[in-house]
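First up is the structure itself, then whatever we jot down about it.
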Amino acid sequence: IRPLRILGIETSCDETAASIVVRHADGRGEIISDVVLSQLEEHSAFGGVVPEIAARAHVEALDGLIEEALSRAGIKLSDVDAVAATAGPGLIGGLLVGLMTGKAIAMSANKPLYAVNHLEGHALTARLTDGLGFPYLMLLVSGGHTQLVLVKGVGDYERWGTTIDDALGEAFDKTAKLLGLPYPGGPAVEKAARNGDATRFDFPRPLVGEARLDFSFSGLKTAVRQAATAIQPLTEQDIADICASFQRAISRTLKDRIGRGLARFRERFPTLSEPSLVVAGGVAANQVIRSTLQDLCNEHRFAFIAPPLNLCTDNAAMIAWAGLERMAAGLPADPISVAPRSRWP
Ligand code: KG4
Ligand code: ZN
């Protein structure tokens, strides 16, 4: 088999991204170019992603980013074997921009089009970065998703747990907003927590002890609000203590929830010699959460795999790779009529 080369496009949220990825004959993946434009500045004044602003920013940036990805790779459009674009889940305006662009390129250059599920992109990234074999367990923790997924094969997933209310990144963002910290909240909360007393507040840890593997974070946010309104005015130390206690509650929740997931994985695949937990999503940047997961994996004798941060957060290389995985598995390309889906489990 000759190497396969693909153009990937990602526009599902507030990152506009394009990438060229190669799958070599031995199955190894290689990122040839990977360009990402974050819209953080456009949205920060609003304390969150504004869909209409995001869609317009994608329209303005995407053509240039695709050209940049091609020129960094030193190739032309006619040199790629296929085009992969995120078709969902995400903000519909952005999805339309990326998928329509992918379709236009695929049609004009006469290449197959792969309409990729964004979550599948996150799920398969560890195979690109670490050459991981199936099956493995994946924890996706981002601003929009909190899922524990069994990855059995390309296109073959079991969702073991999901949030019943807020996503974990959303809980960080809302907590930051409550405390007057800047957007995005995750890094701000983590920074503030460094000088805080994690034992000062005993915040709730919803669903801990339950057999099902779901998550819930809205009660935690409410408890933070109550703590913050009970102390007025809030000093910098109060904010630090709340942030540290908030992260401690999350750590303990994850320990319980993911610990159960690892045990279930062992039961399901008792003969697998080196089981792995992969983490993805922007919240994976958090050092407290990382070390919690690392400890948990050590305890359960799992390998803990955290792809480099730029591949944990939204990017087009993972979309390109998901397309390559489908090509290599002999799965069909999508018809040009394929529609974007804001919801797509
Ligand atoms: O994966 P991502 O870049 O975008 C999507 O949501 O798709 O994740 C962004 C989320 C935001 O909610 C942000 O607050 C959170 O990841 N985040 C963090 C940290 N860095 C980013 N949460 C906790 N600690 C961090 N250091
Ligand atoms: Zn994502």
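Nothing in this text is a laboratory measurement; each read-out follows from the coordinates by a stated rule. Keep in mind that this is a model prediction, so the values were computed, not measured. Using ideal geometry, Cβ is built from the backbone for each residue, glycine included, and neighbour counts are taken over all protein chains shown.
Points to keep in mind about this one:
- Size descriptors for the chain, from the alpha-carbon set: Rg then Dmax equal 20.5, 67 Å.
- Computed over segment 143-310, Kirkwood Rh from alpha-carbon pairs, angstrom: 16.6
- For segment 143-175, trypsin sites (Lys or Arg not before Pro) are listed when DSSP marks them as loop and at most 16 other Cβ atoms sit within 10 Å of their Cβ; the list is empty.
- Relative contact order (%) - the chain, alpha-carbon pairs under 8 angstrom, separation at least six: 23
- Whole-Hz ³J(HN,Hα) from phi, Karplus 6.51 cos²θ - 1.76 cosθ + 1.60, for segment 150-159, glycine and proline x: 7, 9, 9, x, 5, x, 10, 10, 10, 7
- Estimated at 0.36 nm per residue, the fully extended path between A45 and A263 surpasses their Cα-Cα distance by 74.1 nm.
- Measuring r between the beta carbons of A328 and S78 and using R0 = 25 Å, the FRET efficiency lands at 0.70.
- Cβ-based exposure ranking for W344, W321, in which fewest neighbours within 10 Å come first: W344, W321
- Alpha-carbon spread of segment 304-345, three principal axes, descending order, Å: 37, 27, 17
- Segments 121-128, 207-214, 52-59 sorted - mean Cβ within 10 Å per residue, highest first: 121-128, 52-59, 207-214
- The 3J(HN,Hα) values that the Karplus relation (6.51, -1.76, 1.60; θ = phi - 60°) gives for segment 101-109 are, in residue order, 5, x, 5, 4, 5, 4, 5, 6, 8 Hz. Gly and Pro appear as x.
- Neighbour-count order for H300, H145, fewest beta carbons within 10 angstrom listed first: H300, H145
- Modelled this way, with points 7 Å down the Cα-to-C-beta line, the labels at A104 and T235 are 5.8 nm from one another.
- Gaussian network model of the chain, Cα within-10 Å springs - most flexible of G98, G131, G88: G131
- Vicinal HN-Hα couplings computed from phi for segment 28-38 (Karplus, 6.51 cos²θ - 1.76 cosθ + 1.60; Hz; Gly/Pro x): 6, x, 9, 7, 8, 8, 7, 10, 10, 10, 8
- Full extension of the segment from E299 to S218, taken as 0.36 nm per residue of separation minus the current Cα-Cα distance, would add 26.3 nm.
- In segment 31-120, Cα pairs under 8 Å separated by at least six residues give a relative contact order of 29 percent.
- With a threshold of 29 Å on the Cα-Cα distance, the over-threshold entries among K191/K255; K152/K191; K191/K221; K174/K255; K221/K255; K177/K255 are K152/K191.
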